[in-house]
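Visitor: I'd like to ask you about the structure that follows.
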There are 2 protein chains.
Amino acid sequence: MKAKIHITLKNGVLDPQGKAVQTALAGLGFTGVNDVRQGKFIELELTETDRAKAEAQVDDMCKKLLANTVIENYAIEIVEG
Amino acid sequence: MKAKIHITLKNGVLDPQGKAVQTALAGLGFTGVNDVRQGKFIELELTETDRAKAEAQVDDMCKKLLANTVIENYAIEIVEG
């Protein structure tokens with residue numbers, strides 16, 4: 001099974017990386033950009049074949065390693081195959 | 001309009017960051033992980049209200065700044081509101 005994980009900064013948490021991208025875009029002439037938020041996108045290839053178990057496992061991984069739950073949200077999507 | 005951009009490494013390009021995550025997961029006891037690929041997820045808030053123009057603009061941003069098209073693929077999703 002495959003898992004796709006989106007890790008994004010919570011609302012209200014400053015995103016200096018996003019701000020830097022916004023400034024760089026403005027410098028290139030892209031002025032119609034009001035906000036930029038940069039997050040992470042992680043794809044996992046799992047040996048687990050049970051969807052519910054896979055999801056529970058990935059949730060555990062996010063809490064323990066992948067996401068900093070103090071400042072980040074995560075969303076998990078399990079894909080067959 | 002909002003744009004969601006996924007930037008992922010092309011197949012065949014080594015992903016040392018993903019490998020590091022995989023090793024760290026194994027160290028925590030998550031052994032059923034065959035592969036980890038880490039990409040970027042960028043959310044843009046645009047002033048442009050025309051969907052086609054917004055998409056063209058974001059495509060341009062990806063080519064010029066956000067993605068390194070030699071080693072990375074990108075996918076753009078335009079969302080209303």
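Visitor: For the stretch A:69-81, what are the residues that are closer than 28 Å to B:K10 by Cβ and of a type outside the set (A, V, I, L, M)?
Guide: Hits for the stretch A:69-81 are A:E72, A:N73, A:Y74, A:E77, A:E80, A:G81.
Visitor: Answer yes or no as to whether A:I5 is over 16 Å from B:I5 (Cα atoms), in contact with a strand residue (DSSP E or B) (Cβ under 7 Å, 6 or more places away or on another chain) and either at pLDDT below 95 or more than 8 Å from chain B (Cβ to nearest Cβ) (or both). Can you show your working first?
Guide: Details: over 16 Å from B:I5 (Cα atoms): no; in contact with a strand residue (DSSP E or B) (Cβ under 7 Å, 6 or more places away or on another chain): yes; either at pLDDT below 95 or more than 8 Å from chain B (Cβ to nearest Cβ) (or both): yes.
Considered against the rule, which asks whether it is over 16 Å from B:I5 (Cα atoms), in contact with a strand residue (DSSP E or B) (Cβ under 7 Å, 6 or more places away or on another chain) and either at pLDDT below 95 or more than 8 Å from chain B (Cβ to nearest Cβ) (or both), A:I5 comes out as no.
Visitor: So, one more: Just to be sure before I move on: is A:A26 more than 7 Å from chain B (Cβ to nearest Cβ) and over 26 Å from B:K19 (Cα atoms) in the structure I sent?
Guide: Judged against the criteria, A:A26 is a match.
Visitor: Any residue at all in the stretch A:29-37 that's at pLDDT 95 or above, within 24 Å of B:V36 (Cβ to Cβ) and either of a type in the set (A, V, I, L, M) or in contact with a strand residue (DSSP E or B) (Cβ under 8 Å, 6 or more places away or on another chain) (or both)?
Guide: Yes, there is a match, as at least one residue in the stretch A:29-37 is at pLDDT 95 or above, within 24 Å of B:V36 (Cβ to Cβ) and either of a type in the set (A, V, I, L, M) or in contact with a strand residue (DSSP E or B) (Cβ under 8 Å, 6 or more places away or on another chain) (or both).
Visitor: In addition: Condition test on B:G81, is it surrounded by fewer than 20 Cβ atoms within 10 Å (Cβ to Cβ), at pLDDT below 95 and assigned to a loop (DSSP other than H, G, I, E, B)?
Guide: Details: surrounded by fewer than 20 Cβ atoms within 10 Å (Cβ to Cβ): yes; at pLDDT below 95: yes; assigned to a loop (DSSP other than H, G, I, E, B): yes.
It is true that B:G81 is surrounded by fewer than 20 Cβ atoms within 10 Å (Cβ to Cβ), at pLDDT below 95 and assigned to a loop (DSSP other than H, G, I, E, B).
Visitor: Within the stretch B:33-55, how many residues are more than 7 Å from chain A (Cβ to nearest Cβ) and within 22 Å of B:T8 (Cα to Cα)?
Guide: Residues meeting the conditions: 2.
Visitor: Here's another thing I want to ask about it. Here are the criteria: (1) more than 9 Å from chain A (Cβ to nearest Cβ); (2) in contact with a His (Cβ under 7 Å, 6 or more places away or on another chain). Tell me which single one B:I71 does not satisfy.
Guide: Failed condition: (2).
Visitor: Pairs only if they're at least six apart or on different chains, beta carbon under 8 angstrom, first in the stretch A:43-60 and in contact (Cβ under 8 Å) with a residue 24 or more places away in the chain and closer than 19 Å to B:R37 by Cβ, second among the acidic types (D, E) and assigned to a loop (DSSP other than H, G, I, E, B); list them, first residue then second.
Guide: Listed pairs, sorted by first residue: A:A54/A:E48.
Visitor: Among the residues of the stretch A:15-74, what is the count of those that are assigned to a strand (DSSP E or B) and surrounded by 14 or more Cβ atoms within 10 Å (Cβ to Cβ)? Walk me through how you get there before you give the answer.
Guide: Keep residues of the stretch A:15-74 that are assigned to a strand (DSSP E or B), which gives A:33-46, A:72-74.
Next, only the ones that are surrounded by 14 or more Cβ atoms within 10 Å (Cβ to Cβ) stay: A:33, A:36-46, A:72-74.
Looking only at that region, the number is 15.
The values are calculated or read from the model by the stated rules, or taken from the named source; none is laboratory data. This is a predicted model, so every value here is computed, not measured. Cβ atoms come from the backbone with ideal geometry, glycine included; neighbour counts cover every protein chain shown.
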